[in-house]
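Below: the structure, in structure tokens.
The values are calculated or read from the model by the stated rules, or taken from the named source; none is laboratory data. Note that the structure is predicted; figures quoted are calculated from it, not measured. Cβ coordinates were reconstructed from backbone atoms using ideal geometry, including for glycine residues, and neighbour counts include every protein chain displayed. When the accessible area is computed, the model is the full protein with side chains, heavy atoms only, and any ligands, DNA or RNA have been set aside. Shrake-Rupley method; radii C 1.70, N 1.55, O 1.52, S 1.80 Å.
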Amino acid sequence: MDEAPAAGLRIAVLVKHVPDAQFDRHISGEDLTTDRSESILSELDEYALEAALQLVETHGGAAGGHRITAITMGPAAAVAAVKKSLQIGADDGVHLSDGALAGSDASSTSRALAALLQHSGPFDLILTGMASTDGETSLVPAQLAERLSLPQVTFAASLDLGRAGDGWMLTARRDNDTYAETIEAPLPALVSVTDQINDPRYPNFKGIMAAKKKQITTLSVADFGLDASEVGRAGSWTSVEAAAPRPPRSQGVVIMDEGDAGIRLVDFLAGQKLL
């Protein structure tokens, strides 16, 4: 186990309250945003939280002065993502909740989160999942790193920290189709992790009870100097102009073999542009 420096690590884990994949997704409101009435902590963000917990445990735990802060952005119900993160093991939470944020695209989201991180930090390490399970753009981590002028390591399949003089150096492995590459960066840095990096833990009874005593800070954009025109739909680079329910699945085609089934199957696949 590495000896921790006098000042412990401050790690921010970005978590998101997303529609439960077990249910159909719906668009609601005149601004054509996603209906989030049946939402949960994003599964992909649990890997980032587990990565943070493992790093802290490897380098001295709470005795080392390390602290993990779970951060989310969203309406009032989104605080549930922070609460579950605290049950799993995060030390405290921050919930950015403001009506002005409605309709935010990736650029507007990264602008708000960057300002929030600067206000709540400084953080030595910012961890995110590889994507959100609702938007699935994977854009926010890179945009955040750019806005915060931090080294970025994306799609990390493993993550380690080691001492480098008076500071820390992270080492990550990124797996590609035919090769793997090792990337190093000094802290502070931002890292997005894949769903191959670990097996997230579940909250246990002790964690659930302990979470009730942990602090959650709720902020609005005005609390850290952002104007409403810079975020939400007004500050977004993109917007949804139209949306319609997915059409019902049409009845399939049954090909009966009368000696020409192979030819008819090829013709069908060609007609669907699958050949």
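How many of the residues in the range 89-115 are part of a loop (DSSP other than H, G, I, E, B) and either under 26 Å from Lys212 (Cα atoms) or touching a Lys or Arg at 6+ places or on another chain (Cβ under 6 Å) (or both)?
Here the count works out to 6.
Any residue at all in the range 66-76 that is of a type outside the set (D, E, K, R), part of a helix (DSSP H, G or I) and at pLDDT below 95?
Checked the range 66-76: at least one residue is of a type outside the set (D, E, K, R), part of a helix (DSSP H, G or I) and at pLDDT below 95.
Quick one: count up the residues across the range 158-188 that are assigned to a strand (DSSP E or B), more than 20 Å from Gly60 (Cα to Cα) and of a type outside the set (A, V, I, L, M, F, W, C).
Count: 6.
Being over 23 Å from the mean Cα position of the chain (by Cα) and surrounded by 13 or more Cβ atoms within 10 Å (Cβ to Cβ) is the filter here, so list the residues in the range 173-214 that pass it.
Matches in the range 173-214: Ala210 only.
In contact (Cβ under 8 Å) with a residue 40 or more places away in the chain, out of contact with any Ser or Thr (no Cβ under 7 Å at 6 or more places or on another chain), part of a loop (DSSP other than H, G, I, E, B) and of a type in the set (A, V, I, L, M, F, W, C): does that describe Leu150?
Answer is yes for this residue.
Determine whether the range 263-274 contains at least one residue that is on the phi > 0 side of the Ramachandran plot, open to solvent by 100 Å² or more (accessible area, probe 1.4 Å) and not small (Gly, Ala, Ser).
Within the range 263-274 (the criterion being on the phi > 0 side of the Ramachandran plot, open to solvent by 100 Å² or more (accessible area, probe 1.4 Å) and not small (Gly, Ala, Ser)), the answer is yes, since at least one residue qualifies.
Select, from Ser120, Ser138, Ser107, Ser132, the only residue that is modelled with pLDDT under 95, on the phi > 0 side of the Ramachandran plot and open to solvent by less than 50 Å² (accessible area, probe 1.4 Å).
Answer to the check: Ser138.
List every residue pair whose Cβ atoms sit under 6 Å apart, with the two residues 6 or more apart in sequence or on different chains, where the first one lies in the range 36-64 and is within 16 Å of Gly135 (Cα to Cα) and the second, anywhere, is in a helix (DSSP H, G or I) and not polar (S, T, N, Q).
Leu41/Ala81; Leu41/Lys84
For the range 108-124, indicate whether the set of residues that are among the hydroxyl-bearing types (Ser, Thr, Tyr) and within 25 Å of Arg174 (Cα to Cα) is non-empty.
yes
Give the number of residues within the range 218-242 that are part of a loop (DSSP other than H, G, I, E, B) and either among the small types (Gly, Ala, Ser) or loosely packed, with under 15 Cβ neighbours inside 10 Å (or both).
Number of matching residues: 13.
So, in the range 38-52, exactly how many residues are at pLDDT 95 or above and either surrounded by fewer than 22 Cβ atoms within 10 Å (Cβ to Cβ) or touching a helix residue (DSSP H, G or I) at 6+ places or on another chain (Cβ under 6 Å) (or both)?
Result for the range 38-52: 2.
Output the number of residues of the range 57-93 satisfying the condition of being surrounded by fewer than 21 Cβ atoms within 10 Å (Cβ to Cβ) and within 15 Å of Ile126 (Cα to Cα).
3
With (1) loosely packed, with under 11 Cβ neighbours inside 10 Å; (2) under 20 Å from the mean Cα position of the chain (by Cα) as the list, and Asp166 as the residue in question, which single condition is left unmet?
(2)
Would you mind telling me which numbered condition in (1) farther than 21 Å from His17 by Cβ; (2) open to solvent by 40 Å² or more (accessible area, probe 1.4 Å); (3) not in a strand (DSSP E or B) Phe155 fails?
With (1) farther than 21 Å from His17 by Cβ; (2) open to solvent by 40 Å² or more (accessible area, probe 1.4 Å); (3) not in a strand (DSSP E or B) applied to Phe155, the lone miss is (3).
Would you say Thr182 is of a type outside the set (Phe, Trp, Tyr), modelled with pLDDT of 85 or more and over 23 Å from Pro75 (Cβ atoms)?
Yes.
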